[in-house]
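A short worksheet on the structure shown next.
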Amino acid sequence: SFYGILCWVQNCGFLAATRSPAMQWAVAAVAVLFGIATAQPQKQRIEAPKWLDDDGKELFSDIESDENYYGDTACENREKLLKAMAGKGDSSASQYRVRTLLGLGLCEVKKENWVMAKKRLESTISEMNVPSEDMMMKNPDLAPVALTKQASEFMKKFELTQAGTQFRRCREVLDRNLKTVLKNVHKQMSQGGQSLPLEKLLEEIPGYGKTGQFLPSLMPSVPGLRDVFSFAEIIDNALDSLDSQVASVDPMQKKKKLRLDVSKGASKTGTMLYVRSIFTAPILSTESLAVAKQMVDTGVAKAVTSSSLEKSATLLKRTKAGSGCKDSAQQICEKLSKIADIQSNPFGESRLLVLKENKKQTLDTCTTNANIGILLSSKDGVRLTVAGDSIELKAGEPMGLDFCLEASLESSSAAQVLFAQAWHPEFAAVERTTELRQRAAGFGLAEEEVKAAAKAVNDHAKAAWEKTAKTWRANSEGLEKMRKSLQSKEEEKIKAKEAAEEAKRKEDEAGDEERKKNLELLEKKRAEKKRQQEEAEKKRLARKKQLEEEKAKRDPWLLFPEVVEAEKHLEDLKEQRRDANAKLEFDLSNSLTKDISAAERALKSVTKKAKKAYKKGEKPGATSASTESKADKTDSKELKTLQAKLKDVKERKDKASQAENFKEAKKLKAEQKELEEKIAKLEL
């Protein structure tokens, strides 16, 4: 059970020495699989395994913290996480891969990508290294994985109702597991002095822990609950989808649902039940019903044909002998009670009807679509009509029908007809026993009667249920029509998709010529624009050269190198200020404005000196020897000053470092760098 796993995680000795190594590993895998760290109501979160790299840990945390646990983002992250886990040999690596693979499998189930769902779930089972799927089916914690994989495989083959049976079985097992966990959480909380009504907790299960008064606040305390609830929600959504597909083939399905699904699945105490993705044809062939053969083999058919009952009588009602089990009908009751599918059916009431000549007898309507009707006439001449279809019954030969539809009998002469109600062949044992136990009060069954009926169900399931279901599917024309219809629809979808892709390809090809023309036109426009820009640049350069020549004639001293350098420096500062303004760096802009003012003053001064030099006879580009010598001396003096200052700064920085005055050392280091840059410029 889930509680066993909780104990194992807390070193409670769940893995007994008697368990095989494979079973021990499988249970350990489930502990990680469903992420249940503890049943104690304390804030919990599943930690990423230490052997993952940082990116892997981040992916793991993103998945676990994602509110939409099987949303597109979480599923994409699982794909990446699986790659990050590949090749890891840590002892727990395989268990975490199981958890990730299962998540990917459920992502594909949610998307109804059955091929990939089957592949992912097969990988999950393979990674678990269990002996067989049969072993998994015997363990309630592992069974949901195997059942979901089987359902995906059936959907891949368009075996819709068979997939529905596996999904429903999976949902029942998950529901039982959830109840076990919640009961033990409640028990531990009660021992800790916290009072919480168990019934209220269980009532909130259909809300998947998202709605209700108690479960939403309890969910963060037991992380594994979210895993199982999310699993259950995906299975429920898959069943709803399958049921819609059945309804698309069987127009009567919607009417059945409207009448029977009165509690929308929330209540399990009433006497009406709607089961999703079950299909029943209006009239059923004898070959498809194992229960029909049992009626002949057990002698029920012979007893009915020799019956002399004059009034209609109830033989079996809600698993118990009816009021008509006396006198001549006693023998029929005894033989009928040996047929498990009829005797253990709490929804059913088997009656022996006495028909009058040419008088129509309307049959009772079902209280669940998980039942089928079996008719057995004592003589020929009885006609059955179901939803407009009509067939004549043969004496002593059982005939099946869907009595959720309007059905009636009419006989050309007085006759006795046994109307038995049996479990539907595709309604599994785990579902039958669940309905028996949960609806016992509504059916008026005592505890011993429930146990006896449940035992009959389980004994029959072990011996013959799979064979009964196989017979049903092999000889059902309705199921074969459904399979072909679904396959045909899928093929039409594929053809439509291929046709759309082909049409798009042709459209793209047809548009190639137009695209080429447009591209050529665009290239011409670009070439023309480039030519115009080049011509404009040539004109600009020519105009610039003209202005410079005019300037040289008008003010020749402006061509002195120092003036040209000063003008260039001023233009550079102005360009920097324009960039600063564009980037909204106003502090820098203000600083540059001051520098520009200084540069303008320097330019004015240099220009004045150049003008004087020109008037004295100097030419632009000529520099006197005295001027050069003076400049060299100035540079040499400045260089020596800077070098001395650099030496002093280095000594002070070393002392600051030794005294661990790192703030001062950092400041001096910046000053040292600035001095080194100035020295480098002077040495050029």
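The values are calculated or read from the model by the stated rules, or taken from the named source; none is laboratory data. As the structure is a computational prediction, the values presented were derived from the model and not from experiment. Don't worry about glycine lacking a Cβ; one is built from the backbone with ideal geometry, like all the others, and counts go over all protein chains shown. These accessible areas exclude ligands, DNA and RNA; they are computed on the full protein's heavy atoms, side chains included. Shrake-Rupley method; radii C 1.70, N 1.55, O 1.52, S 1.80 Å.
Quick look at the values:
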| quantity | calculated |
| --- | --- |
| Globularity index of the range 446-530, i.e. its alpha-carbon radius of gyration over 2.2 N^0.38 Å | 2.70 |
| Residue-count net charge about Arg505 - beta-carbon cut-off 14 Å; Lys, Arg +1, Asp, Glu -1 | -4 |
| 1.4 Å probe accessible area per residue over the chain, in Å² | 55 |
| Calculated diffusion of the chain, Stokes-Einstein form, Kirkwood radius summed over Cα pairs, 10 °C and 1.306 mPa s, µm²/s | 47 |
| Acute angle (nearest 10 degrees) that the helix 93-111 long axis makes with the longest principal axis of the chain, alpha-carbon atoms | 70 |
| Counted charge near Ser350, where neighbours are those whose Cβ lies closer than 14 Å (Asp, Glu -1; Lys, Arg +1) | +2 |
| Carbon/sulfur fraction of accessible area - the chain, other protein chains in place, 1.4 Å, % | 50 |
| Relative contact order (%) - the chain, alpha-carbon pairs under 8 angstrom, separation at least six | 9 |
| Accessible-area value, Val564, 1.4 Å probe, nucleic acids and ligands omitted, Å² | 70 |
| Folded to 0 to 90 degrees: helix 54-65 orientation relative to the chain principal axis, Cα | 50 |
| In the range 291-390, the GluC sites (Glu not before Pro) that fall in loop regions by DSSP, at most 14 other Cβ within 10 Å | Glu310 |
| Listed peptides 514-520, 451-457, 576-582 by packing density, highest first (mean Cβ within 10 Å) | 451-457, 576-582, 514-520 |
| q = 0.11, 0.16 Å⁻¹, the range 56-179: log10 I(q)/I(0) [Debye, one scatterer per Cα] | -0.38, -0.81 |
| Whole-percent pair-distance distribution, where bins are 10 Å wide, for the alpha carbons of the range 266-412 | 11, 42, 38, 8, 1 |
| Crossing angle, helix 662-683 versus the chain [Cα axis fit, 0-90 degrees, rounded to tens] | 50 |
| Amide proton proximity set for Ala395, modelled H, under 5 Å, gap of 5+ | Asp380 |
| Qualifying GluC sites (Glu not before Pro) for the range 637-671 [loop in DSSP, other Cβ within 10 Å: at most 16] | Glu660 |
| Length-normalised contact order of the range 229-378 in % [C-alpha pairs under 8 Å, at least 6 apart] | 25 |
| Assigned charges on the beta-carbon of Lys, Arg, Asp, Glu; the range 485-530 dipole about Cα centre (debye) | 460 |
| Long-range Cα-Cα pairs in the range 147-196 (distance over 17 Å), rounded percent | 51 |
| Convex hull (Cα only) mean projected area of the range 94-162, reported in nm² to one decimal | 4.4 |
| Leu353 accessible area, 1.4 Å probe, all protein chains in place, Å² to nearest 10 | 10 |
| Rounded Å value of the spacing that divides the Cα centres of the range 592-621 and the range 90-112 | 79 |
| Charge context of Leu479, other residues only, Cβ under 11 angstrom, K/R +1, D/E -1 | -1 |
| Burial ranking of peptide ranges 498-511, 586-599 (average Cβ count within 10 Å, highest at the top) | 586-599, 498-511 |
| Of all DSSP beta bridges in the chain, antiparallel share, percent nearest 5 | 90 |
| The range 340-449 - share of DSSP beta bridges that are antiparallel (%, nearest 5) | 95 |
